[in-house]
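The values are calculated or read from the model by the stated rules, or taken from the named source; none is laboratory data. Predicted model, so just to flag it, every value in this text is computed and none were measured. Positions of Cβ are generated from backbone atoms using ideal geometry, with glycine treated the same way; all protein chains shown enter the neighbour counts.
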Amino acid sequence: MKVLFWRSLVVLFVILGFIGAILPGMPTTVFLILAAWAASKGWPQMDDWLLNHPKYGPTLRDWRAHGTVPRKAKWLASIMMLISGIIMLFTTAPLAVKAFTNITMLIVAIWLWRRPEPNQILIQQNTVDPEKTDLPTAPSEDNQLNPIKPNKIESENNKS
């Protein structure tokens with residue numbers, strides 16, 4: 001029963017992603033991320049297919065590994081939400097619905113722009129932290145002035 005639930009979610013999200021690929025203003029990648037998440041719970045073959053898809057696979061793998069969103073996707077999503085928000089203002093929907101949807105899209109846009117981009121993760125992985133490496137360091141001035149310092153145990157042993 002659980003497998004059927006997860007597979008139903010996968011099918012729903014893939015269909016919504018497919019519609020998003022055709023219709024402007026409807027997201028694709030978000031639904032495919034959700035589809036990959038649901039597939040990982042109960043449909044490993046579909047999970048593999050999504051992660052190895054020629055067009056969407058790299059984005060899905062980056063999201064799963066690092067939670068990154070490409071800048072192009074951020075811009076497209078933000079512009080679509082802005083256009084949708086402006087259109088919403090001219091509809092006959094109640095003011096509360098207009099306010100709720102526009103505030104929700106604003107919160108999503110803020111969250112989206114706070115996500116790292118794939119190239120930022122690569123830059124962070126390629127930087128070296130000198131404190132965490134085993135590279136030899138230059139001797140300090142104290143070591144150069146007095147290169148031989150007896151340790152505490154040796155000096156106590158010499159006293160007796």
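See the values below:
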item	result
Residue match in segment 124-140 (condition: of a type in the set (D, E, K, R), modelled with pLDDT of 55 or more and closer than 30 Å to L23 by Cα)	no
Breaking point among (1) more than 13 Å from the chain's Cα centre (by Cα); (2) crowded, with 17+ Cβ neighbours inside 10 Å; (3) modelled with pLDDT of 90 or more, for E117	(1)
Unique residue being of a type in the set (G, A, S) and surrounded by 17 or more Cβ atoms within 10 Å (Cβ to Cβ) when the list is A65, A38	A38
Complete set of residues in segment 60-100 that are among the β-branched types (V, I, T) and farther than 17 Å from V30 by Cα	I83, I86, I87, T91, T92, V97
Restricting segment 84-121 to residues that are in a helix (DSSP H, G or I) and among the charged types (D, E, K, R), the residue that is nearest to D62 (Cα to Cα)	R114
Residue count for segment 33-67, restricted to those that are more than 19 Å from P116 (Cβ to Cβ) and touching a Phe, Trp or Tyr at 6+ places or on another chain (Cβ under 8 Å)	8
Verdict on M46 being of a type outside the set (D, E) and in the same structural domain as L112 (by TED's automatic domain parsing)	no
